[in-house]
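Quick notes on the structure that follows.
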Amino acid sequence: MQTPLISILVPFKNTDHYLADCLESILQQTYQEWELLIVDDGSTDSSREIVQKYADKEARIHLFSNDGNGIIEALRTAYKHVKGTLITRMDSDDLMAIHKLEIMQKQLCLNGEGHVALGAVRYFSTKGIGDGYKRYETWLNSLTSKGTNFDEIYKECVIPSPCWMVYKSDFEDSGGFTPDTYPEDYDLAFRFYKHGLKCIPTTEVLHHWRDYDIRTSRIDAHYAENSFLELKVSYFLELSHDPEKRLVVWGAGKKGKKVAQLLIKNKVAFDWVCDNPNKIGKNIYNQTLKSFECLSETKNPQCILTVANHEAQQEITHYLQTHKMMAMHDYFFFC
C-alpha cells in the first residue's frame, strides 16, 4: 500500500478563535503520513501561541513566520520547507472531515499524476448560511460530483482553495505559488486548467468551510468582484479567445460594463449586445448596444455572457444552442 507524505500548507492571521479546532481536525485524520507547514502572517492575537503549543507536542507540525506579507508570501514561506510528494492547502479557520486526507491521497495514487483530487464542501456558521453561499456550495459540489469543474471555470472559482490535492510535480509545473496574482486560489485554478490537470469526481464531503463576518474572502480587497473579472478576462484572452471569431459581450449591467472596459483596455474589438430594450441603442464607452438578435447575423461569433440571473442564463443557453454554439468554445458565462 502506498503511503506518500502529504504536505499541508496553512497560512494564518488572527484566527485564535478557530485554530485549535482546525488543528484538532488535522491531528484526528485517519491518514497520518502528513506534515503541517503553518505560517504566521503577522498575527496580533493569541494565534501564534496556540500553534506553538501544538508544535511543541507534535513533531509533524512546523511553525514559521511569514518571510513577507500576505497570503501568497505566507504560502511561499511554507512551500520552501515542503518534503511531501503530495501538496494540499488548508485554511486555519476551517475543519477537515476525518477521512479527508485518506480519500484524497487514494484518489491521486489511483489516478496518478496529471490529476487534481477534490472533495465536496459544506459551509457552516453560527449565524446561518446566506442564499449566495448555499448556491455556490450547491453549484461547486455539482461540478465536483462529475469532475467537470473546469467546464464552468469562467463563472466562479471552481477549485475550493482549502480542498484540493495534487502531486508536487504537477503543482510546480502549474507554477506553484510563483505568481503574485490575487485572488490566488482562482488564479491557481486557472493554472491547473491551463496545465491540463483532470479533476477526479467525488461526492464525499471532505471540507467544512466556516463563514463569519471578518473572513478574509469577505473583507480583503484582493477578493473584490473587480479582481475576479480582471482575472477572468486575462485568462480568457490567453486560453480561450479565438481571434478568428467575432467577440460579442452579452449584458450591459455592472459586470458587462467592467468586461467591456477591460477588453477596450486590451485593445480587443467586440460587439456589445443585450436583451434590455431600455439599453438597446445606447452608446457606452463609444460602443452602441445592439439587440442580442443580431447574433443570428454575426458570422462565427464567440460570446462572453455577463447575465447573472439563473433563469435568463437558461434561456440564453437554449438560444445559443439553437444557433449551434457550444459552451466553452463559442460561449462563456462570466457569472
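Where a number appears in this text, it was derived from the coordinates with a stated rule and is not lab data. Please read all numbers here as calculations on a predicted model, not as lab measurements. Backbone-built Cβ (ideal geometry, glycine too); neighbour counts: all protein chains shown.
Legend: P(r) of the stretch 140-220 from all alpha carbon pair distances, 5 Å bins from 0, whole percents, reading 3, 13, 23, 25, 20, 12, 3, 0. Converting phi to 3J(HN,Hα) with the Karplus coefficients 6.51, -1.76 and 1.60 and the offset θ = phi - 60°, the stretch 255-271 yields 5, x, 5, 5, 4, 4, 4, 5, 5, 4, 4, 8, 6, 9, 6, 7, 9 Hz in sequence order, with x at every glycine or proline.
Over the chain, DSSP H runs of length four or greater, each weighted -39,500 (n - 2.57), average out per residue to a 222 nm ellipticity of -10000 deg cm²/dmol. Each residue of the stretch 142-147 was assigned a 3J(HN,Hα) from its phi angle through the Karplus curve 6.51 cos²θ - 1.76 cosθ + 1.60 (θ = phi - 60°); the sequence is 5, 5, 5, 5, 10, x Hz, with glycine and proline shown as x. Among LYS299, LYS258, the ranking by other beta carbons within 10 Å of each residue's beta carbon, starting with the fewest, stands as LYS299, LYS258. If you run the Gaussian network model on the chain, springs between alpha carbon atoms under 10 Å, then out of LYS53, LYS290, LYS146 the most flexible one is LYS53.
For the stretch 181-331, place one equal point scatterer on every Cα, skip the solvent, and apply the Debye formula. What is log10 of I(q)/I(0) at q = 0.15, 0.19, 0.20, 0.21 Å⁻¹? At q = 0.15, 0.19, 0.20, 0.21 Å⁻¹ the computed log10 ratios are -0.93, -1.30, -1.37, -1.43. Between THR30 and SER142, the C-beta separation translates, for a Förster distance of 35 Å, into a calculated FRET efficiency of about 0.85. Ordering LEU239, LEU27, LEU229 from the fewest to the most neighbouring beta carbons within 10 Å gives LEU239, LEU27, LEU229.
Between ASN266, LEU229, TYR193, the Cα set farthest toward the positive side of the dipole of the chain (charges on each charged residue's Cβ, about the Cα centre) is that of ASN266.
Take every pair of alpha-carbon atoms less than 8 Å apart whose residues are at least six positions apart; their mean separation over the length of the stretch 6-223 yields a relative contact order of 25 percent.
The residues neighbouring CYS294, those whose beta-carbon lies less than 13 Å from its own, together hold a net charge of -1 under the Lys/Arg +1, Asp/Glu -1 convention. A Cβ-based charge dipole, computed about the Cα centre of the chain with Lys and Arg at +1 and Asp and Glu at -1, lands at about 900 debye. Summing charges over neighbours of SER43, with a neighbour being any other residue whose Cβ is under 10 Å away from its Cβ, gives -3 when K and R count +1 and D and E count -1. For the chain, the spherically averaged projection of the C-alpha convex hull amounts to 17.9 nm². GNM remark for the chain: springs join alpha carbons under 10 Å apart, and the peak mean-square fluctuation among GLY147, GLY176, GLY68 falls on GLY68.
Taking other C-beta atoms within 10 angstrom as a stand-in for reagent exposure, LYS106, LYS232 fall in the order LYS106, LYS232, fewest first.
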